[in-house]
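Reviewing the structure listed below.
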Amino acid sequence: MIKFIKHFILNPIEVGSVIPSSRSLAKVITETADLSHKRCVVEFGPGTGVFTCEITKRVPADAVSFAIEINEDFVKEIHRKCPEALVYHASAQTVQKILSDYNVKKCDCIISSLPWTGFSESLQSELMDISFDILNPGGIFLTFEYVYNQFLPGGRRYDKILKNRFSSVKKTKVVWKNFPPAFVYSCEK
């Protein structure tokens with residue numbers, strides 16, 4: 001926890017929160033993803049691996065499933081907590097190269113913990129273009145948003161990007177057992 005806080009203080013745009021997401025939020029996002037039938041699942045920005053451990057439990061054993069994390073300390077923490085998880089120390093922009101290493105061009109599901117609302121409009125657009133491009137038709141993109149962020153300019157801009165890009169954008173109920181409280185966006189291509 002202390003390392004997480006330290007990384008937030010040093011780089012709040014990269015980390016996005018002062019504490020990791022809760023298991024309650026991890027459960028909501030993975031249940032919404034319905035991972036039991038997915039053939040390829042990609043996770044962006046797993047942080048210390050709260051979602052990663054849940055994803056690893058729920059994906060089929062023969063599915064391609066990996067996470068991409070830019071913070072090396074977080075990658076080490078995930079390997080400690082969830083040694084069976086496959087985590088790349090890289091940026092989300094490298095996802096196409098990693099998929100090609102598996103001879104895969106598209107995935108069925110992206111679960112993102114990236115701090116989207118803190119990103120510039122150009123970075124939001126770049127990462128959303130990449131995400132949309134690697135999703136199969138009917139694929140699902142899931143991310144979460146802190147309740148208060150939806151009222152801030154970055155949050156409103158991000159909501160608009162999602163609604164302009166995806167054919168279906170739904171929000172789950174608020175997960176009050178997360179700090180700060182959050183909901184999950186479930187977006188279908």
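The values are calculated or read from the model by the stated rules, or taken from the named source; none is laboratory data. In this text the structure is predicted, and so the values were computed from the model without any measurement. Virtual Cβ from ideal backbone geometry, glycine too; neighbours counted across all protein chains shown. Side chains included, ligands, DNA and RNA excluded: accessible areas come from the protein's heavy atoms. Shrake-Rupley method; radii C 1.70, N 1.55, O 1.52, S 1.80 Å.
With a 1.4 Å probe and every protein chain kept in, tell me what percent of the accessible surface of the chain is carbon plus sulfur. Using a 1.4 Å probe with all protein chains present, the chain comes out at 55 percent carbon and sulfur. By DSSP, the beta bridges lying fully in the chain are antiparallel in about 40 percent of cases. Can you give the net charge of the other residues whose Cβ lies under 12 Å from the Cβ of LEU127, counting K and R as +1 and D and E as -1? Summing Lys/Arg as +1 and Asp/Glu as -1 gives -3. Since only ALA63, PHE51, ILE98 are under comparison, the one whose Cα sits farthest along the positive direction of the charge dipole of segment 50-108, derived from C-beta charges on Lys, Arg, Asp and Glu, is ALA63. Accessible area per residue for segment 20-152, computed on protein heavy atoms with a 1.4 Å probe, is 44 Å².
Taking each pair of different alpha-carbon atoms in segment 27-106 once, compute 1/r for the pair, average those values, and report the inverse of that mean as the Kirkwood hydrodynamic radius in Å to one decimal.
Roughly 12.6 Å, rounded to one decimal.
In summary, the lysines within cross-link reach of LYS189, defined as a Cα separation below 30 angstrom excluding same-chain residues under 8 places away, comprise LYS27, LYS38, LYS57, LYS97, LYS105, LYS106, LYS160, LYS163, LYS170, LYS171, LYS173, LYS177.
Across segment 82-117, the residues whose backbone nitrogen lies under 19 Å from the label position 7 Å along the beta-carbon direction of ARG156 are 116-117.
Around the Cα centre of the chain, unit charges on the Cβ atoms of Lys, Arg, Asp and Glu (plus for the first two, minus for the last two) sum to a dipole of about 500 debye.
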